[in-house]
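The values are calculated or read from the model by the stated rules, or taken from the named source; none is laboratory data. Note that the coordinates shown come from a computational prediction; the quantities given were computed from them, not determined experimentally. Here the Cβ positions follow ideal geometry from the backbone for every residue, glycine too, while neighbour counts run over all protein chains shown. Note: areas computed on protein heavy atoms with side chains; ligands, DNA, RNA excluded. Shrake-Rupley method; radii C 1.70, N 1.55, O 1.52, S 1.80 Å.
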Amino acid sequence: MKKPVNTGKWLAILLGYTFVNLPFVTSQELQFLQKKVAKGQLSYLETGVDKIANTFVFTGNASLEADVMGGLLQFSNQYRGSAFRTTTTAVRDDETATLSLEHGLGGDFSSLVRGSWVLSRDNRSIGLSSLQRINGGAGVRYQPNPTLWAELLGGVESTTQLGVENTGPLASATVTLAELSIDQLLLSGSALADWHRVDETRTNADLAVHVLGQHLQPDGSYVRVGLGGDGLQREFLTTLSGGSMPDAVESRNEQRADGMVDVLYYVLPELSVGLTGSINLNGIGRGYAAPVIGSAVSAVQRHLDEFVLNIQGSATYRTERVMAMAQGTLYRRTEDNTVRQHFPLSVDDLAELGNQEYQRDNRASRARFYAIGAWMPNATDTLSVEYTGWLLQYDTPSSLNNDDRDELSVITSMRYARKVSDILSVGLSAGVQYLHTVYLKAARSAFNNQNNVLRLSPFVKLTTRTLSMHPVFEVLANYTVYDFEGKGAQAHSYGYRQISYRDSIRIQLTNQLRCEVPVLARYFERSTLLWDAFAEIPQAGTLEYLVNTRLFAQPSLTWDVGVGVRWYTFEQASLMNTPGIPSIIGSIRSWAPEVVVRFRPLSGSTLDVSGWYEFQTLIPQATRELPNLLLHARIAL
């Protein structure tokens with residue numbers, strides 16, 4: 001049984017939390033006028049502060065569901081703020097919040113009061129980033145059974161954009177069918193319509209309908225068919241003259257239609273085949289309510305038509321010791337952009353705008369094959385193989401667009417693992433990656449290239465009562481070769497080689513005392529590559545390592561307290577041995593004492609605090625000190 005909730009306490013917390021966050025935010029994006037409100041959510045308050053070097057990140061989330069005067073009160077909030085400090089401070093705040101109160105009226109009807117705001121502020125830009133949107137409404141909900149309900153709301157909304165504030169009426173209606181069972185057929189769907197009159201010249205509206213039908217079989221086979229359509233209309237203020245005041249109303253209309261078929265059939269208990277297909281038809285129209293002097297784009301209407309087709313077939317075979325899966329995918333996308341004159345415009349300006357839109361037209365086709373297999377000949381050995389290959393063709397009809405290209409990619413990997421004993425496992429993984437990119441037009445053909453990546457990675461996993469460690473070693477070679485190098489092309493082939501070691505070491509000293517040591521060390525070189533001779537001219541080498549040694553005490557089941565020191569080095573040196581040029585290009589060396597506190601009470605709340613004070617030495621001779629803090633708290637209500 002759900003425990004009783006102290007309504008007065010949670011109302012006080014809710015109001016306090018709202019007023020603390022509200023002054024700092026303004027909206028950036030338009031969303032559906034009626035926010036989705038899900039029932040049965042866990043109630044919690046969550047906050048966090050991350051400060052690393054000159055970057056600050058603040059979070060504040062909340063979810064509340066409580067009985068208030070015989071009704072159901074729901075509140076949710078997601079807030080994220082960031083600040084980046086250099087010579088100036090860039091600050092951004094984003095928040096999304098909803099508030100809903102539902103009270104039964106008797107029978108299948110209940111009253112609704114709902115409000116929402118989607119808010120944002122960015123001190124570096126204007127335009128849509130300076131927009132604020134807050135709305136509230138009241139209405140009725142009809143729910144004849146647990147899987148079918150309808151809502152009708154009416155209210156007002158206040159919108160502020162580019163310093164202009166407007167308040168107008170809004171209306172919203174939704175119908176939701178969560179599940180309807182007819183024999184072995186399950187139907188679900190939803191419909192939404194909302195409307196907002198911003199002012200005499202602007203109206204926003206949405207219309208969406210989605211239906212899904214499923215036919216399920218006892219053996220796990222199924223057929224799913226989905227259809228949907230969306231229509232969105234947005235009209236917002238903008239500036240085309242470059243000033244800070246709005247001088248035009250831009251409209252954006254979107255129509256989307258989509259269909260989906262998903263079939264899975266079990267031929268045998270161990271063998272299944274599947275087929276999935278989807279099609280999307282999207283149309284986006286953009287235009288202006290009136291022409292603006294000096295702006296040719298305000299005199300035309302632009303339209304984008306997009307077609308996307310995706311077909312995927314698969315087969316899966318699975319037994320106790322063998323698993324194999326193969327999958328093939330065909331993808332096709334086309335995009336067409338057109339311009340139509342809406343207000344008086346010169347022939348030359350109309351032709352130039354038409355050419356700009358024509359350059360955006362494109363056709364993309366991709367064929368992809370993916371396969372994975374695993375074999376366990378006994379209880380101690382596992383061998384797995386994975387393969388991915390695809391061919392992409394990207395074409396543009398405009399002679400002024402030079403992005404036409406073909407891409408061929410092959411990625412394959414193999415992994416072997418052996419359980420030597422109950423405490424020791426070892427293994428080896430290897431991989432090869434190949435990518436060939438060919439630009440079809442002469443303007444970019446000099447950048448045709450092949451990228452080859454080789455990787456070899458042995459690993460060990462050791463787990464005992466007092467010691468656990470998982471060292472992973474890796475050797476990586478990456479070679480990028482330009483097809484026309486030495487034949488007039490300016491691009492030069494290059495190579496990249498790396499050796500690395502990663503580990504996570506944990507030593508249990510006593511029942512209440514342990515030591516944790518994460519380790520990362522790597523050395524990599526970049527060089528000019530002479531592919532025909534398979535020789536290299538080394539350019540630069542870089543050494544990087546991080547070691548974080550911490551001693552943790554656990555005085556109780558709910559508390560962890562740790563202290564330690566972290567060391568970090570990043571050093572880049574020239575390998576060209578050029579006289580008069582220092583070999584060390586750049587270097588950062590630092591050490592920092594660290595304190596960690598973790599609290600996990602039985603109530604489900606959490607508290608994590610980690611702070612370290614970093615002493616850095618930079619080359620050329622420079623030092624600096626940086627305090628860092630990570631704080632995250634979650635209170636389960």
So if I take the alpha carbon set of the range 498-637, get Rg, then get Rh from the Kirkwood formula, what is the Rg over Rh ratio? 1.15
Low-density loop cleavage sites - trypsin sites (Lys or Arg not before Pro) in the range 347-395, where at most 16 other Cβ are within 10 Å (DSSP): ARG360
What's the center-to-center distance, using Cα atoms, between the range 237-264 and the range 548-581 in Å? 48
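Please compute the per residue accessible area over the chain with all protein chains in place, 1.4 Å probe, rounded to a whole number of Å². Before the final figure, lay out each step's value.
On the way: 34990 Å² over 637 residues.
It amounts to 55 Å² per residue over the chain.
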Averaging sequence separations of C-alpha pairs under 8 Å and six or more residues apart, then dividing by the length of the chain, give the relative contact order as a whole percent. 6
Dipole-positive endmost among ASN166, ILE505, ALA371 within the chain (Cβ charges, Cα centre): ILE505
Quantify, in whole percent, the carbon and sulfur part of the accessible surface of the chain (1.4 Å probe; protein heavy atoms only). 62
Placing +1 on each Lys and Arg Cβ and -1 on each Asp and Glu Cβ in the range 450-605, then taking the dipole about the Cα centre, the residue among VAL472, SER527, SER457 whose Cα reaches farthest towards the positive end is VAL472
Considering the options LEU607, ALA622, LEU543, tell which one lies farthest towards the positive end of the dipole of the range 505-628, charges being +1 on Lys and Arg and -1 on Asp and Glu at the Cβ, about the Cα centre. LEU607
Determine the dipole magnitude for the chain: charges of +1 sit on the beta-carbon of Lys and Arg, -1 on that of Asp and Glu, nothing else is charged, the reference point is the Cα centre, and the result goes in debye to the nearest 20. 1900
Amide H neighbours of LEU148 under 5 Å, at least 5 residues apart or on other chains, H built in the peptide plane: list them. ALA178
Determine the distance separating the Cα centre of the range 456-527 from the Cα centre of the range 155-213; give it in Å without decimals. 50
Could you count how many Lys pairs in the chain have their Cα atoms under 21 Å apart, skipping same-chain pairs fewer than 8 positions apart? 5
Find out how many positive minus negative residues lie around THR238, taking Lys and Arg as positive, Asp and Glu as negative, among other residues whose Cβ is under 9 Å from that of THR238. -2
